[in-house]
Amino acid sequence: VQLQASGGGLVQPGGSLRLSCAASGPVSSIEVMGWYRQGPGTQRDLVALIETGGRTNYADFAKGRFTISRDAMKNTMYLQMNSLKSEDTANYFCYSRTWSWDTSWGPGTQVTVSS
(Lines give C-alpha, C1' and ligand atoms only; values in the text may rest on other atoms or scores of the structure.)
Protein backbone atom coordinates (compact mmCIF):
# COMPACT_ATOMS: atom_id res chain seq x y z
CA VAL A 1 0.00 0.00 0.00
CA GLN A 2 1.25 3.44 -0.90
CA LEU A 3 0.00 6.52 0.91
CA GLN A 4 0.15 10.18 -0.03
CA ALA A 5 -0.94 12.87 2.40
CA SER A 6 -1.88 16.41 1.48
CA GLY A 7 -3.70 19.42 2.84
CA GLY A 8 -1.24 20.78 5.36
CA GLY A 9 -0.38 24.43 5.59
CA LEU A 10 -0.32 27.53 7.74
CA VAL A 11 -3.46 28.39 9.68
CA GLN A 12 -4.26 30.84 12.46
CA PRO A 13 -5.21 29.65 15.93
CA GLY A 14 -8.87 28.73 15.98
CA GLY A 15 -8.86 27.90 12.30
CA SER A 16 -9.52 24.67 10.44
CA LEU A 17 -7.74 22.40 8.00
CA ARG A 18 -8.67 19.17 6.28
CA LEU A 19 -5.95 16.67 5.58
CA SER A 20 -6.33 13.99 2.92
CA CYS A 21 -4.53 10.69 2.49
CA ALA A 22 -4.85 8.88 -0.82
CA ALA A 23 -4.14 5.16 -0.80
CA SER A 24 -3.06 3.09 -3.78
CA GLY A 25 -2.01 -0.46 -4.37
CA PRO A 26 -3.79 -3.36 -2.65
CA VAL A 27 -6.23 -1.10 -0.83
CA SER A 28 -8.75 -3.88 -0.29
CA SER A 29 -6.25 -5.41 2.13
CA ILE A 30 -6.38 -2.37 4.45
CA GLU A 31 -7.99 -3.00 7.83
CA VAL A 32 -7.04 0.20 9.63
CA MET A 33 -5.99 3.67 8.54
CA GLY A 34 -4.96 6.53 10.73
CA TRP A 35 -3.10 9.74 11.37
CA TYR A 36 -0.06 10.30 13.54
CA ARG A 37 1.82 13.50 14.17
CA GLN A 38 5.31 14.48 15.17
CA GLY A 39 6.30 17.89 16.43
CA PRO A 40 9.84 19.26 16.59
CA GLY A 41 11.92 17.19 18.96
CA THR A 42 9.02 14.95 19.94
CA GLN A 43 7.98 11.36 19.30
CA ARG A 44 5.38 10.39 16.75
CA ASP A 45 1.99 10.29 18.45
CA LEU A 46 -1.32 8.80 17.45
CA VAL A 47 -3.98 11.30 16.41
CA ALA A 48 -6.83 9.08 15.23
CA LEU A 49 -7.57 5.67 13.71
CA ILE A 50 -10.45 4.38 11.63
CA GLU A 51 -11.25 0.74 10.98
CA THR A 52 -12.78 -0.66 7.81
CA GLY A 53 -16.06 -1.10 9.64
CA GLY A 54 -16.08 2.57 10.60
CA ARG A 55 -15.07 2.36 14.24
CA THR A 56 -12.84 5.26 15.25
CA ASN A 57 -10.36 5.96 18.01
CA TYR A 58 -9.01 9.37 18.96
CA ALA A 59 -6.20 10.66 21.10
CA ASP A 60 -7.50 12.74 23.99
CA PHE A 61 -6.21 15.97 22.46
CA ALA A 62 -8.15 15.26 19.26
CA LYS A 63 -11.52 14.42 20.80
CA GLY A 64 -14.15 17.02 20.03
CA ARG A 65 -11.92 18.94 17.61
CA PHE A 66 -10.75 16.44 14.99
CA THR A 67 -12.81 14.06 12.88
CA ILE A 68 -11.37 11.15 10.94
CA SER A 69 -13.27 9.71 8.01
CA ARG A 70 -12.72 7.44 5.06
CA ASP A 71 -14.20 7.36 1.55
CA ALA A 72 -13.80 3.81 0.34
CA MET A 73 -14.90 4.68 -3.20
CA LYS A 74 -12.08 7.22 -3.49
CA ASN A 75 -9.58 5.19 -1.44
CA THR A 76 -9.02 8.33 0.58
CA MET A 77 -8.94 9.09 4.29
CA TYR A 78 -9.52 12.52 5.78
CA LEU A 79 -8.77 14.37 8.99
CA GLN A 80 -10.93 17.41 9.61
CA MET A 81 -9.21 19.57 12.20
CA ASN A 82 -11.13 22.41 13.86
CA SER A 83 -10.28 24.86 16.64
CA LEU A 84 -6.60 24.43 15.92
CA LYS A 85 -4.07 25.43 18.55
CA SER A 86 -0.40 26.26 18.34
CA GLU A 87 0.40 22.94 19.98
CA ASP A 88 -1.17 21.16 17.02
CA THR A 89 1.79 22.31 14.94
CA ALA A 90 3.45 19.15 13.66
CA ASN A 91 4.19 16.99 10.68
CA TYR A 92 1.13 14.78 10.13
CA PHE A 93 1.60 11.28 8.73
CA CYS A 94 -0.97 8.88 7.38
CA TYR A 95 -0.73 5.22 8.23
CA SER A 96 -2.32 1.99 7.17
CA ARG A 97 -2.31 -1.57 8.41
CA THR A 98 -3.50 -4.53 6.40
CA TRP A 99 -5.37 -7.57 7.63
CA SER A 100 -2.00 -9.38 7.61
CA TRP A 101 -0.47 -6.64 9.80
CA ASP A 102 1.69 -5.06 7.09
CA THR A 103 2.06 -1.35 7.83
CA SER A 104 2.64 1.59 5.53
CA TRP A 105 3.47 5.22 6.15
CA GLY A 106 3.08 8.14 3.83
CA PRO A 107 5.34 11.18 3.74
CA GLY A 108 4.20 13.79 6.19
CA THR A 109 2.30 16.97 5.55
CA GLN A 110 3.25 19.93 7.69
CA VAL A 111 0.62 21.75 9.72
CA THR A 112 1.64 25.04 11.27
CA VAL A 113 -0.73 26.90 13.58
CA SER A 114 0.46 30.44 14.12
CA SER A 115 -0.79 34.00 14.03
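What accessible area per residue, rounded to a whole number of Å², is obtained for the chain using a probe radius of 1.4 Å? Provide the component values of the computation, followed by the final result.
Numbers: 6000 Å² over 115 residues.
Result: 52 Å² per residue.
Which ³J(HN,Hα) values in Hz, rounded to whole numbers, follow from the phi angles of the stretch 74-79 under the Karplus curve 6.51 cos²θ - 1.76 cosθ + 1.60, where θ = phi - 60° and Gly and Pro get x?
Once rounded to whole Hz, the list reads 9, 6, 9, 10, 10, 9.
Please list 3J(HN,Hα) in residue order for the stretch 29-44, calculated via the Karplus relation 6.51 cos²θ - 1.76 cosθ + 1.60 where θ = phi - 60°; whole Hz, with x for glycine and proline.
Taking θ as phi minus 60°, the curve returns 8, 6, 9, 9, 10, x, 10, 10, 9, 9, x, x, x, 10, 7, 7 Hz for the stretch 29-44.
Take peptides 59-70, 85-96 and line them up by average Cβ neighbours within 10 Å, highest first, as a rough protection proxy.
Listed from highest to lowest mean packing, they are 85-96, 59-70.
Tally Lys and Arg at +1 and Asp and Glu at -1 over the other residues with C-beta under 12 Å from the C-beta of Glu51: what net charge comes out? Each step should come with its number before you reach the end.
Values: positive: Arg55, Arg70, Arg97; negative: Glu31.
So the surrounding residues net to +2.
So what is the orientation-averaged projected area of the stretch 54-115, using the convex hull of its C-alpha atoms, in nm²?
Orientation-averaged projected area of the Cα hull: 5.3 nm².
Do you know the relative contact order of the chain, to the nearest whole percent, from alpha carbon pairs under 8 angstrom that are 6+ apart?
Taking the mean separation of contacting Cα pairs over the length of the chain, I get 37 percent.
What does the charge count around Ser16 come to, taking other residues whose C-beta lies under 14 Å from its C-beta (Lys +1, Arg +1, Asp -1, Glu -1)? Spell out each step's value before the answer.
Numbers: positive: Arg18, Arg65, Lys85; negative: Asp88.
Summing Lys/Arg as +1 and Asp/Glu as -1 gives +2.
The values are calculated or read from the model by the stated rules, or taken from the named source; none is laboratory data. Because the structure is a prediction, the values reported are computed rather than measured. Note: ideal-geometry Cβ built from the backbone for every residue, glycine included; neighbour counts use all protein chains shown. Only protein heavy atoms, including side chains, enter the accessible area calculation; ligands, DNA and RNA are left aside. Shrake-Rupley method; radii C 1.70, N 1.55, O 1.52, S 1.80 Å.
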